[in-house]
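Shown next, in structure tokens, is the structure this report addresses.
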Amino acid sequence: MISKAELTKTVAEITRGLCGKIDAMNNLMGTELYEYFTEMDSLTYLLSDLLGAPTSDMSLDIIDDYVTGRIEYDELIAQMTEAIASFDWKGYAENE
């Protein structure tokens, strides 16, 4: 059985790879690939869930930094851990 940590890293790597493919296809074709962006969004939210992160702009920005290659996996985990610790879960729940 695969651990949650292994699954999370695998989904993160797949999502990052998909981002590169989308960029390459856009550069080649000069058109937007809606279905790939939809898949990318789904994987981003799945990754957020696997990390136990709120689906806040901050968390999604951190994931975006990883999948676009601006940060590495270890930094993704470190930043996400910090974001989760500082997130106002009570305020979030009250606004839902």
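The values are calculated or read from the model by the stated rules, or taken from the named source; none is laboratory data. As the structure is a computational prediction, the values presented were derived from the model and not from experiment. When we count neighbours, we look across all protein chains shown, and the Cβ atoms used for this are built from the backbone with ideal geometry, even at glycine.
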query: Taking the range 56-96 on its own, how many of its residues are loosely packed, with under 12 Cβ neighbours inside 10 Å and either touching a residue at least 60 places away in the same chain (Cβ under 8 Å) or among the hydroxyl-bearing types (Ser, Thr, Tyr) (or both)?
result: 1
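Across the range 56-73, which residue is modelled with the lowest pLDDT among those that are polar (S, T, N, Q) and over 23 Å from SER3 (Cβ atoms)?
Pass one, the range 56-73, residues polar (S, T, N, Q): 56, 59, 68.
When the remaining residues are screened for being over 23 Å from SER3 (Cβ atoms), the result is 56, 68.
On the way: SER56: 82, THR68: 86.
Per the criteria, the residue is SER56.
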Verdict on MET40 being over 25 Å from SER86 (Cα atoms) and at pLDDT below 85: yes
field: Which numbered condition GLU6 fails, given (1) more than 25 Å from TRP89 (Cβ to Cβ); (2) acidic (Asp, Glu); (3) surrounded by 12 or more Cβ atoms within 10 Å (Cβ to Cβ)
entry: (3)
